[in-house]
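Below you'll find the structure, written out as structure tokens, and then a few comments.
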Ligand SMILES: Nc1ncnc2c1ncn2[C@@H]1O[C@H](COP(=O)(O)OP(=O)(O)OP(=O)(O)O)[C@@H](O)[C@H]1O
Ligand SMILES: [Mg+2]
């Protein structure tokens, strides 16, 4: 199994390299530093949310409310700024706490009342987005100090790549270590495959899942802060629909939708792959609808792919008489 | 000797580098029960799966009634008249017991609707034949491993097959259920069926079978009529050496109370259960299937919450329903159902073996493969786990070897209170003696051992004291000197006077 994972990670990484090279050779502008700057800016919030989402899906759950948590955080940040909170660290701290609390609500319904995460987070997807409209209505808050907004997208000296990617990288290392090299991670894989056996081994399934949803909320809020500053705009519809981009990346990255299987490296590669693909095709004037279709097909392929491979292998084995 | 009904000739099967079967032959005759024995990993279940159409052989032929048989799936095997009871029950947890029995061949009434009433009464009749008290309408989820096994048995005998293959059907059953199963099996045999019976319990094999085939390391070793064999001969052929004493019980000095259970009750499972296990003591919890033994173990270990009572380890109260705390206090539970409770089948042998110890194996918070491998390897060797690599999924191991991984997983935690629920289920003679020796040695080192076992010889051979449960209550507490088959069975069937 471990070898299988590694080979899937390798396939996604390889696909990323191939798409990047082919894109650079055939599409005008893909080779330019500006292109990579945009890909990175777009990938940052997706990656931030994909990190906890990977862990959540590995335990056999899902969090579909992430985009709404992001949106609600944006509006609260805007409202706080308007009402006179002018310290950026304070704003960030409040937003993170808010995100964590929203995640805790998900976690409470799912682990406390034993409800399916799919149903609960579809509910809060609507609820949190609705609250975002309650906070700001159709208004947009965009009069943030320019120092903040430029700081958010400032490149690493000597490159065009925004420095925030370093924050994402550091967080990715943290999540990867937790998942792959800490006792907690072993418990996550165990409960994703067989929650009962995990419980018999002393894994606190409910508590662990609760904290994962809290982490998912907090990371979505962090993505919301970045979103607000990058676009210098807090609106209730910020980030609508990106939960699909996140889930697509996680599944394409080799995480099983049924839980118990997957690795973080593949997910990060898939976030990059989808970003390059989307932006590259945009540069090639492929219409937005076609882009959505392509993302959808990739998603289906990533879910069906491993099953088809397994079926082929079994058939081959059977006929080998 | 009657003519052969089903014949395997020169059958081989490999999984990657592992040769599970090499040039195996076997002849099953109608009206006969044929025993198949061999060590864990000898290839018995692989052979069964070939008969069931689950695996296709790499080489060799299978003939039924003189016709070559090419099975491309379990449905075909069933159509050919071969019914199979697999080593591990594979019920659909959300379907009812009756639905599980008649899966894929439900009785129909008008408009092709499923005739649930008939299904229910048919299931009830099957259970009556087996002397089982099970509600056909209850979902399969939550059935004990023994009950699951009984449902599988009911399913197989309801097929009225000409060939009945049973892979360790009795591993989780106690004497009474085994006797019923044997009566039904003999009736099928007398009606002309060919039966293949696999078990690690030799008394059963010798009582039921007319011929016995021994396998070792994937090869056929011998087939003889049962009268020409003795247990010792069979064991020597299986293992290739003498096996040390089966019940190497050491005399120990009983120390202070280690595990104290007081007035434990859980609605619908057990009531007012109280007992003490001292340091150095092996206490067996005996009883019929469904008496509530496993439920008590689960409650002590914090898997289920109890409604009343308390559990103390070394005088310190355990919090109700908290498994992590129980483990921290030094309690270990080897559960009855290795596939559902004992192991995460998709994970590797080493991940499974080290799961309860993942925190203590970490260095500076980090858990690296090397320390897991080292820890797992030590115990895998001690219990002679036969596995390709420790990084292989535990599902690729044979049933007995999976059981050894469960044991390794918990013995490695160095428990102070060791609860073992059917610890040797599916384990071969050689290793069974080793497991008994380990249990005995642990007790000598001061561990309190609570053992649930349906195998009466194991109970009588290993226990310092036998507690007997009947319908959720403790009905007897019998010291080793007075524990006999009669006294235990008396109490287990509710005729206690103790
Ligand atoms: N699907 C599989 N993949 C890889 N190896 C397998 C698979 N199934 C069985 N094996 C290997 O084949 C060998 C024989 O296994 P098998 O299950 O037939 O043993 P067994 O005689 O039934 O043992 P037990 O008494 O423990 O049930 C073992 O070494 C096992 O690890
Ligand atoms: Mg077997």
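Coordinate-derived values only; no laboratory data. Please read these numbers as outputs of a predicted model, since none were measured by experiment. Note: ideal-geometry Cβ built from the backbone for every residue, glycine included; neighbour counts use all protein chains shown.
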Check your understanding: Which order do A:144, B:247 fall in if you start with the one that has the fewest other Cβ atoms within 10 Å?
Key -> B:247, A:144
Point to revise | Cα gyration tensor shape for segment B:133-184, rounded if a/c is under 1.5, else prolate or oblate | key: oblate
Point to revise | Taking chain B and dividing mean pair separation by its residue count, relative contact order in percent (alpha carbons under 8 Å, at least six apart) | key: 16
Practice item. Identify which of A:76, A:246, A:22 has the largest mean-square fluctuation in a Gaussian network model of chain A, with springs joining Cα atoms closer than 10 Å. Key: A:22
Review point. Roughly how many whole Å is it from the C-alpha centroid of segment B:455-498 to that of segment B:310-378?
Key: 31
Revision key, fill the gap. Per the C-alpha gyration tensor (a ≥ b ≥ c, the square roots of its eigenvalues), segment A:1-145 is rounded if a/c is under 1.5, else prolate if a/b beats b/c, else oblate; here it's oblate
Revision key, fill the gap. Expected sort for A:74, B:209 with the fewest Cβ neighbours (10 Å cutoff) up front is B:209, A:74
**Study point:** Average projected area [Cα convex hull, segment B:257-492], square nanometres
**Key:** 12.2
Review point. Which shape class, rounded, prolate or oblate, goes with segment B:403-498 when its Cα gyration tensor gives a ≥ b ≥ c as root eigenvalues, a/c under 1.5 marks rounded, and past that a/b bigger than b/c marks prolate?
Key: prolate
Check your understanding: When chain A is modelled as a GNM with alpha-carbon springs shorter than 10 Å, which of A:123, A:202, A:224 fluctuates the most?
Key -> A:202
Review point. Over the C-alpha atoms of the protein assembly as shown, what are the Rg and the largest Cα-to-Cα span, Dmax, in Å?
Key: 30.5, 98
Review point. Label-point separation (nm) for residue B:414 and residue A:90, each offset 7 Å from Cα along Cα-to-Cβ?
Key: 5.3
Study note, to complete from the structure: In vacuo Debye sum over C-alpha of chain B, base-10 log of normalised intensity I(q)/I(0) at q = 0.05, 0.08, 0.11 Å⁻¹, listed in q order, is -0.19, -0.50, -0.96
Review point. What FRET efficiency, computed as 1/(1 + (r/R0)^6) with R0 = 30 Å and r the Cβ-Cβ distance, is obtained for residue A:101 and residue A:161, rounded to the nearest 0.05?
Key: 0.35
**Study point:** Inter-label distance for residue B:15 and residue A:138, nm, one decimal - labels placed 7 Å from Cα along Cα-to-Cβ
**Key:** 6.4
**Study point:** R0 of 45 Å, Cβ-Cβ distance residue B:25-residue B:486: FRET efficiency to nearest 0.05
**Key:** 0.55
Study note, to complete from the structure: Most fluctuating of A:169, A:288, A:263 in the GNM of chain A (C-alpha, under 10 Å) is A:288
Study note, to complete from the structure: Helix-only [θ] at 222 nm, the protein assembly as shown, -39500 (n - 2.57) per DSSP H run of 4+, per residue, nearest 500, equals -15500 deg cm²/dmol
Check your understanding: In whole percent, what relative contact order does chain A give with Cα contacts below 8 Å and a gap of six or more residues?
Key -> 35
Practice item. With an 8 Å cut-off on Cα pairs and a minimum separation of 6 or more residues, tell me the relative contact order of segment A:36-162 in percent. Key: 39
Point to revise | Euclidean distance between Cα centres, segment A:115-131 to segment A:159-189, Å | key: 26
Practice item. Would you please state which residues of segment A:219-259 a label at residue A:82 would reach in this model, taking the label point 7 Å out along Cα→Cβ and a backbone N cut-off of under 14 Å? Key: A:233-237
Study note, to complete from the structure: If B:295, B:27, B:179, A:196 are placed from fewest to most neighbouring beta carbons inside 10 Å, the sequence is B:179, A:196, B:27, B:295
Revision key, fill the gap. Here the tail fraction of P(r) beyond 39 Å, over all Cα-Cα pairs of chain A, rounds in percent to 13
Check your understanding: Which whole-angstrom value gives the distance between the alpha carbon centres of segment B:150-165 and segment A:266-301?
Key -> 53
Review point. Residue separation times 0.36 nm, minus the C-alpha to C-alpha distance between residue B:251 and residue B:445: what's the value?
Key: 68.7 nm
**Study point:** Rounded to 5, percent antiparallel among DSSP beta bridges of segment B:257-492
**Key:** 55
Point to revise | Label-point separation, residue A:25 to residue A:294 (7 Å along Cα→Cβ), nm | key: 1.7
